Amino acid sequence: MKHFTLESNMRASIGGAFYPTGYSMVMFPSAEDADRIGHRLIESGVSGDEVYLLPAATVLAEISPTVSDADNPLPSAGTEGATVRAYTKLAREGHTGLLIKTQNEEAANRLMELVRTVPYSIAQRYRTLVIEDL
């Protein structure tokens, strides 16, 4: 798994909120489950460079601040700000995230087959102009 660092292409072009197009973000109440699912993804053929483990502290330090100006100068027309606020709430409760590259529906479906084997809090797939509940 790769160490997460927020890159400029992982932000919305308007407002700058976290919006990693082509990825899915899943949060788990258990850090052990998040780590286990990340490793199972890699064992099943997903590149380790396409899987990021995000401890709660990383979510709070890297992703949460992206909503500070998301509704400035105008309120966001999308849900990216609300979605980041949901991640922030979960991270404050100690939840751990996984960010996984899912360029197509098939990759998202394979991801969720593994994710559904453990309790998870939220799963979102970022597509161009759409945040999809998984």
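Computed from the coordinates by the stated procedures, all read-outs in this text should not be read as laboratory data. All values derive from a computational prediction rather than experimental measurement. Positions of Cβ are backbone-derived with ideal geometry, glycine not excepted, and every protein chain shown enters the neighbour counts.
Numbers below:
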| read-out | value |
| --- | --- |
| Angle between the chain longest axis and helix 105-115 axis [Cα atoms, degrees, rounded to 10] | 70 |
| Angle in degrees between helix 31-43 and the longest Cα principal axis of the chain, rounded to the nearest 10 | 70 |
| Rg [Å, one decimal], Dmax [Å, integer] - the stretch 18-133, C-alpha atoms | 13.7, 45 |
| Most mobile listed residue (THR83, THR117, THR66) in the chain, GNM with C-alpha springs under 10 Å | THR117 |
| LYS89/GLU32 FRET efficiency (R0 22 Å; Cβ-Cβ; nearest 0.05) | 0.60 |
| Sequence-distant residues sharing a close amide H with LEU134 (under 5 Å, placed H) | ALA123, GLN124, ARG125 |
| Footprinting exposure proxy for ASP133, ASP33 (fewest neighbouring C-beta atoms within 10 Å first) | ASP133, ASP33 |
| Estimated 222 nm signal from helices in the chain, with DSSP H stretches of n ≥ 4 weighted -39500 (n - 2.57), rounded to 500 | -8500 deg cm²/dmol |
| Computed label-point distance, nm, for sites THR117 and LYS2 using a 7 Å Cα→Cβ extension | 2.4 |
